[in-house]
Every structure is written in structure tokens, then in C-alpha cells.
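These notes are about the structure you will find just below.
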Amino acid sequence: MTSEERKSIHGTWTGRWTFILAAAGSAVGLGNIWKFPYMAGEYGGGAFVLVYLVCILLIGVPIMIAEILIGRRGRSSPANSMAYLAEEVKTFTQWKYLGVMGAIAGLLILSFYSVAAGWAFAYIFEGFNGTSAEYYGQEFDNFLKDETRLILFHSIFIFATIFIVGRGVIKGLETWINRLMPILFILIVLLCIYATQTGAFLEGVSYLFTPDFSKINATVILAALGQAFFTLSLGMGAIMAYGAYMPANQNIGSTALSVAFLDTSVALLAGIAIFPIVFANYLEPATGPGLVFVTLPWAFANMPLGIIFGKLFFILLSIAALSSAISLLEPGVAWIVESLKTKRSVAAGGLGLIAWTLGILSALSFNLISDFTPIGDRNFFDSMDFLSNQVLLPLGGILIAIFVGWIMKEEVAREELGLKDRQWYKNLLNIWFFLLRYIAPLLVGVVFIAAVFFGVT
């Protein structure tokens, strides 16, 4: 049975651009607007960006196509889609646990992701009137020590996520994605326009797009590999779940490229918006995670209209985080609805409550239980990050590539991708198969081994 014949019980996106915006919303998050700029700052600017773009094409797009393909073919939650496809090719039904693993990874990520998203939401109400960078550093430290505020903003964020996902594919996901994503793009363009007035626009853009090849080393490559994979929300079933709601007549390959383009564009635009502000204030770009919550508030405090655009920036960050968060909860909710025949609102509430509870432990890991280190010397927040992002997601990505590249029948994949008679299209499919079978699993495997066994992240 083809994806055209199978129907999702959850509904179908009403149009091509709805799916693109939904998948882009899943991909565009804190990783684009917070993590990408500070990683670019830490790893040499243009050198990191160049390697990152290559990795998006070699790893990100091939695995994204594979995830969408599985989702649309199965028309179910990631776990049940994997079970259906395993049965279709008469292989081990245990492949369904790949979907289960993805849902668990998404739930774990949501638990600490909502805490970090709460930081962004809280900073919307920041006055940006500090007198020094040290002041903002101390303010951020004080914020992390205030367990009440951390839990409050974490709770607001996660219950907003539960509300949207509980409303369903059309009334919840689609409606809110169609609202949030245009606002996100408008805000980031406004911030880029603002950056042109800083007096250091060309310096910031040059830093971002002029590669110094002498700075490209193994560490930069590994960092770019990891960021390229994780920024597209791969390996946790979110794209697979969204693919299940994709219309049958929509081209998977071109859609995946569109999503990757939008996701990468947002990351680059974030860099274009941020680095001119950094250089205009004679700040150091390689300030790590503190770039957004310490360095930028100080910069906004010293710029014309900085208070306004500072608030716009953190609104942008909060919207990006929310668009990703709903995709983290969706795979598990879809699975529960299908398996237990329960209401979507009940499933969203139950799984959301689990994520909320784990998130409280993540919030407390910066204060009351900072000495609790479940994995190595990592606190609870960092342990959840390591377990999901460094272990479960890479494993998921590798196994997805293996399943579609080696186990699924090639004719099934070609059928779902829409084989055309043109030779150039057949050549593109062959390139995709090669990347999926050999390059993507190898490179993701390198990132996985480097992170788990050598501590390189």
C-alpha cells in the first residue's frame, strides 16, 4: 500500500508550504539563533560556516529525505511507521523501537529545552539598563540561582507547548505554525536591518562569510558536523512525524531542500544580526553560550533603540524555541494516540507532565541540586543534553540511514520519491542513495564516537 492509499488518523497538512513551514519550525530553534552564532564565534567564523554548509548537504539533507520518506510511507507515528515498513520488507519488527527511541529522545530534549527557552522568555522583560558586561554576567548567574523564576518560565513554556500539540494537526500545529513562522522571519529581517546601522555591519558579515582555511581542523569539522545534524532536528522522529501528514503529491526531495534552505538561512541571518552588534561594541565573538544572555544584553544597552530591538530579539528567540518544542512532543503524542486510542489532549498532557517534571530537575541543577551529576561530572541539565543530543539522536540518524539505504527496498524508496524519466533526476537519486548508505552514517558515526568516547562536542 502506497502513501497515497494510506491515511493518517491525525490529518494531513493543507498545503506544501504548510509542511515546509512546520518542518522548518521544527528545525529552527535555539540551535539556530543561540547556538550557531556562538559556535561560529568559537570556531573561527567563516571557516566554521563553510564546513557547516557542506555538512548540511552531505548529512542533513540525505537523512531528512529518509525521515520524510518513512513518515509519509507509514502515515503513522514514527514507531508505527517503522513497524509498518519493517513488515512491508519482511524484516525484524524490532525496527519500531527506533521510532520509540526517537520519541523518548524528543521528550528528554523537551524537558531541558523548555528550561533554556524559559531563559529567552524571561529576557523579554529585561530592562537592558546595566552599566557593564560584568553586570549582565552577574544578572544571568543570579537568574540561574533563582529556582522559582526558572521553574515559572519553564512551566509557562511547556504548558504552551502542551496546549498547541493537544489541539491537533490542523487546529494546533498548523494554525500556530502559520502564525509563528512568518513573525519569526519578519523579526529576524528587522534585526538584520538594525545591524546595518551599527557601523560594523561589513565587519560582522566578513567575519561570518570569509573563511580562514588555516582555522579548519578536526575540532572545527566535528563541531560543524554535530551542529549540521542537530540543527535540522534529525534522529528523533519529529521530521518523520511531520512527514506522515505530508500530502502524497508533494515532492520529498525538493521539500527537504526547501526546509534545509530555510533552516540554514535563519542561522546565517542570526549571525548577520548578531556579529555586527558584537563588533560595534568591541566585544569578543568567541564568548561561548554567554553570547546571547550576557554579551548581547550589554550591547543592546549601549545602542540607540537597543531596548526595543533587544526585546524583539528575545521574542524572536522564544518563538523559535516554541516552534521546535511542539515538534519534540508530537512524535510521542501521535504514538500514544494510536496505541492507546486516547484523546490527543490527554496524551499531550500526560507526556508534557513528564517533560515538565524532568524539566524541574534541570532547572534545579543550576542551584539546589547542582552537586547531582548523573553522567560523569555533568549536572542533570547537561546529562539530559548529553544523553539525548550526543547519544540517542546520532544513533537514531545512523539507524535511519541504514534502514532506508540498505534494508528498505530500493524500488519502494524510488516510488515514494517519485521517480521521473529524466536522466538528471535518476542521477540525483543515485547520489542520494550513495550519501545515505556510505557518507552520512560514517560521518554521524564519527561525531557519535568523538562525543561519547572522547568527550568532543
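The values are calculated or read from the model by the stated rules, or taken from the named source; none is laboratory data. Note that the structure is a prediction, hence the values are computed from the model and not measured. Glycine also receives a Cβ, built like all others from the backbone with ideal geometry; neighbour counts cover every protein chain displayed.
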Filter result for residue 347 (crowded, with 24+ Cβ neighbours inside 10 Å, assigned to a helix (DSSP H, G or I) and within 25 Å of the chain's Cα centre (by Cα)): no
Single match in 130, 99 (criterion: more than 27 Å from residue 257 (Cα to Cα) and either crowded, with 21+ Cβ neighbours inside 10 Å or in contact with a Phe, Trp or Tyr (Cβ under 7 Å, 6 or more places away or on another chain) (or both)): 130
Scanning segment 166-184 for residues that are surrounded by fewer than 19 Cβ atoms within 10 Å (Cβ to Cβ) and part of a helix (DSSP H, G or I), which turns out modelled with the lowest pLDDT? 170
Quick check on segment 350-380: of everything there that is of a type in the set (S, T, N, Q) and surrounded by fewer than 16 Cβ atoms within 10 Å (Cβ to Cβ), which residue is farthest from residue 117 (Cα to Cα)? 373
Do any helices (runs of 4 or more DSSP H) entirely within segment 407-457 hold 2 or more residues that are surrounded by 15 or more Cβ atoms within 10 Å (Cβ to Cβ) and of a type in the set (Val, Ile, Thr), and if so, which? 440-454
Quick one: which of 271, 226, 235 is in contact with a helix residue (DSSP H, G or I) (Cβ under 7 Å, 6 or more places away or on another chain), surrounded by 24 or more Cβ atoms within 10 Å (Cβ to Cβ) and on the phi > 0 side of the Ramachandran plot? 235
Take the conditions part of a helix (DSSP H, G or I), charged (D, E, K, R) and crowded, with 24+ Cβ neighbours inside 10 Å and apply them to residue 338. Does it pass? no
How about segment 185-196: which of its residues are surrounded by fewer than 14 Cβ atoms within 10 Å (Cβ to Cβ) and either in contact (Cβ under 8 Å) with a residue 24 or more places away in the chain or within 21 Å of residue 44 (Cα to Cα) (or both)? 189
Scan (1) closer than 25 Å to residue 107 by Cα; (2) among the small types (Gly, Ala, Ser); (3) touching a Leu at 6+ places or on another chain (Cβ under 7 Å) for the single condition residue 226 breaks and write down its number. (3)
Given the criteria aliphatic (A, V, I, L, M) and part of a helix (DSSP H, G or I), does residue 223 qualify? yes
Is there a residue being in contact with a Phe, Trp or Tyr (Cβ under 9 Å, 6 or more places away or on another chain), assigned to a helix (DSSP H, G or I) and within 27 Å of residue 227 (Cα to Cα) anywhere in segment 369-380? yes
Does segment 281-293 contain at least one residue that is modelled with pLDDT of 90 or more, under 22 Å from the mean Cα position of the chain (by Cα) and crowded, with 24+ Cβ neighbours inside 10 Å? no
Are there any pairs, at least 6 apart or on different chains, whose C-beta atoms fall under 6 Å, with the first in segment 371-394 and closer than 17 Å to residue 450 by Cβ and the second in a loop (DSSP other than H, G, I, E, B), and if so, which? 393/235; 393/236
Among the residues of segment 250-259, are any surrounded by fewer than 24 Cβ atoms within 10 Å (Cβ to Cβ), in contact (Cβ under 8 Å) with a residue 40 or more places away in the chain and outside any helix (DSSP H, G or I)? yes
Restricting the search to segment 420-436, which residues are modelled with pLDDT of 85 or more and over 16 Å from residue 234 (Cα atoms)? 427, 428, 429, 430, 431, 432, 433, 434
Using the structure shown, decide if residue 330 is part of a helix (DSSP H, G or I), crowded, with 24+ Cβ neighbours inside 10 Å, charged (D, E, K, R) and in contact (Cβ under 8 Å) with a residue 40 or more places away in the chain. yes
